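Below is one structure, written out as structure tokens, with a few remarks after it.
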Amino acid sequence: MATDAFEEIVADFEFLDEWEDRYRYVIDRGKAMEPLEDALKVPSTKVDGCASQVWLHPRIESGVFSFDGDSDAMIVRGLIAVLRALYNGLPVTEVPGVDAGGELARLGLNDHLSSQRSNGLRAMIERIRSVAAEAA
């Protein structure tokens, strides 16, 4: 049930043999992302449970889920970009059913992130799911 944008990341990862290249790829995805407006970096958009500063700003328009996000850590910005590829454009009712752990496992991220980063990633996924579930 992954989006085309996420499938593109999976395909790109298959061409990158070295984990350092994959790490750089994730960071580059984050660098390419528009920064979140400072006005949206408020307590209500801040994600608790992340070692770095993380903000997620979800939007639901005509039943379609999307979000923007930002972080002060380059790798986390990249992870936000990966999550955007996974979730943005889905019907809001489908968001809670996405097996984010399973999809991200296809990238092998779990094996290469510190436990702190993994916890932060889980916190971001939980925020996305809860916002979508409330809206649905």
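Key figures
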{"read-out": "Amide proton proximity set for residue 92, modelled H, under 5 Å, gap of 5+", "value": "64, 65"}
{"read-out": "Derived scalar couplings ³J(HN,Hα) [the range 120-127; Karplus, 6.51 cos²θ - 1.76 cosθ + 1.60; whole Hz; x for Gly, Pro]", "value": "x, 4, 4, 5, 5, 4, 4, 4"}
{"read-out": "The range 55-68 - phi-based ³J(HN,Hα) in whole Hz, Karplus 6.51/-1.76/1.60, Gly and Pro as x", "value": "10, 10, 10, x, 9, 10, 10, 6, x, 9, 8, 7, 8, 10"}
{"read-out": "Coil-residue GluC sites (Glu not before Pro) of the range 1-94, DSSP, other Cβ within 10 Å capped at 12", "value": "18, 37"}
{"read-out": "Interchain or long-range residues, amide H under 5 Å from residue 57's placed H", "value": "68, 69"}
{"read-out": "Total formal charge among the other residues, if their Cβ is under 12 angstrom from that of residue 37, Lys/Arg +1 and Asp/Glu -1", "value": "-3"}
{"read-out": "Rg to Rh, two decimals, where the chain supplies the alpha carbon set and Rh follows Kirkwood", "value": "0.94"}
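Just so you know, all these numbers are worked out from the coordinates, no wet-lab data involved. Here the structure is a predicted model, which is why all the values come from computation and not from measurement. Cβ: placed from backbone, ideal geometry, glycine included. Neighbour counts: every protein chain shown.
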